[in-house]
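A.B. asks: Shown below is the structure under consideration.
The values are calculated or read from the model by the stated rules, or taken from the named source; none is laboratory data. This is a predicted model, so every value here is computed, not measured. Here Cβ is always computed from backbone atoms with ideal geometry, including for glycine, and neighbour counts include all displayed protein chains.
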Amino acid sequence: MLVRNCAGGVVFLGEKVFLLKNEKDEWVLPKGVIKNGDYPDEVAIQRVKEEAGINAEIITSAGNTNYEFFSVTRQRPVCNKITWYIMKSLDDKYEINKSESFKDGAYFSIEEALNKITYSQDKSLITVSYSRYKAEQ
């Protein structure tokens, strides 16, 4: 199994959180693979900027999630281990990076986001992150 270390952001703007819709029509959070020598926090900020066009700053760590899938292109199982950060958008601008195969994205109320997001562990991540985000404000 190929194991990949990744980092991503749970990005808040006021009472809303940002979600992306990928090429499989899944609603997800921005994230990416950590390459050799990169720091997880830098990768999270970079991926949020590259995938969603959002300038954001890290408030605190949000924890870790893992998931496994079979990669059709690699013809082997993959495990993504993701370090998450709670982030605050510095303004209300965003721009979906269609060249990264994203179809859509926007800020959603927490309730809307929890109804849209595809994976249950991401629902838990948003819920916990929102509580911590509110406590930091």
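A.B. asks: Take the stretch 15-44 and flag every residue that is at pLDDT 95 or above, of a type in the set (Asp, Glu) and either assigned to a strand (DSSP E or B) or under 21 Å from PHE69 (Cα atoms) (or both).
C.D. replies: Those that are at pLDDT 95 or above, of a type in the set (Asp, Glu) and either assigned to a strand (DSSP E or B) or under 21 Å from PHE69 (Cα atoms) (or both): ASP25, GLU26.
A.B. asks: Let me ask something else about it. Of the conditions (1) over 14 Å from the mean Cα position of the chain (by Cα); (2) among the hydroxyl-bearing types (Ser, Thr, Tyr); (3) surrounded by 16 or more Cβ atoms within 10 Å (Cβ to Cβ), THR73 clears all except one; give me its number.
C.D. replies: Among (1) over 14 Å from the mean Cα position of the chain (by Cα); (2) among the hydroxyl-bearing types (Ser, Thr, Tyr); (3) surrounded by 16 or more Cβ atoms within 10 Å (Cβ to Cβ), THR73 violates only (3).
A.B. asks: Okay, next question. For the stretch 102-115, name all the residues that are in contact (Cβ under 8 Å) with a residue 40 or more places away in the chain, exposed (fewer than 15 other Cβ atoms within 10 Å of the Cβ) and farther than 10 Å from LEU20 by Cβ.
C.D. replies: Listed by number, the list holds a single entry, SER109.
A.B. asks: Separate question: Do any residues in the stretch 14-42 that are farther than 18 Å from TYR94 by Cα have Cβ atoms under 8 Å from those of residues that are in a loop (DSSP other than H, G, I, E, B), where the two are at least six apart or on different chains, and which pairs are they?
C.D. replies: Sorted first by the residue in the stretch 14-42, then by its partner, the pairs are GLU23/SER101; GLU23/PHE102; GLU23/LYS103; ASP25/LYS103; GLU26/THR118; GLU26/TYR119; PRO40/ILE34.
A.B. asks: Let me ask something else. Out of the residues in the stretch 25-47 that are closer than 17 Å to ASN115 by Cα and surrounded by fewer than 21 Cβ atoms within 10 Å (Cβ to Cβ), state the one that is nearest to the chain's Cα centre (by Cα). Write out each step before concluding.
C.D. replies: Filtering the stretch 25-47 down to residues closer than 17 Å to ASN115 by Cα leaves 25-29.
Going one step further and asking which of them are surrounded by fewer than 21 Cβ atoms within 10 Å (Cβ to Cβ), we end up with 25-28.
Numbers: ASP25: 15, GLU26: 12, TRP27: 10, VAL28: 6 Å.
The residue in question is VAL28.
A.B. asks: Quick one: in the stretch 4-24, which of the residues that are surrounded by fewer than 20 Cβ atoms within 10 Å (Cβ to Cβ) and not polar (S, T, N, Q) is farthest from SER109 (Cα to Cα)? Talk me through it step by step, then tell me what you get.
C.D. replies: Taking the stretch 4-24 as the starting set, the residues that turn out to be surrounded by fewer than 20 Cβ atoms within 10 Å (Cβ to Cβ) are 4-5, 13-16, 21-24.
Subsequent filtering for residues that are not polar (S, T, N, Q) retains 4, 13-16, 21, 23-24.
Working: ARG4: 31, LEU13: 10, GLY14: 9, GLU15: 6, LYS16: 4, LYS21: 16, GLU23: 23, LYS24: 23 Å.
Restricting to residues being surrounded by fewer than 20 Cβ atoms within 10 Å (Cβ to Cβ) and not polar (S, T, N, Q), the top hit is ARG4.
A.B. asks: A further question on this structure: Can you tell me which residues in the stretch 55-68 are out of contact with any Leu (no Cβ under 8 Å at 6 or more places or on another chain) and surrounded by 16 or more Cβ atoms within 10 Å (Cβ to Cβ)?
C.D. replies: ILE58, ILE59
A.B. asks: Would you confirm whether or not the stretch 119-130 contains a residue that is of a type outside the set (Lys, Arg), in contact (Cβ under 8 Å) with a residue 40 or more places away in the chain and not in a helix (DSSP H, G or I)?
C.D. replies: Yes.
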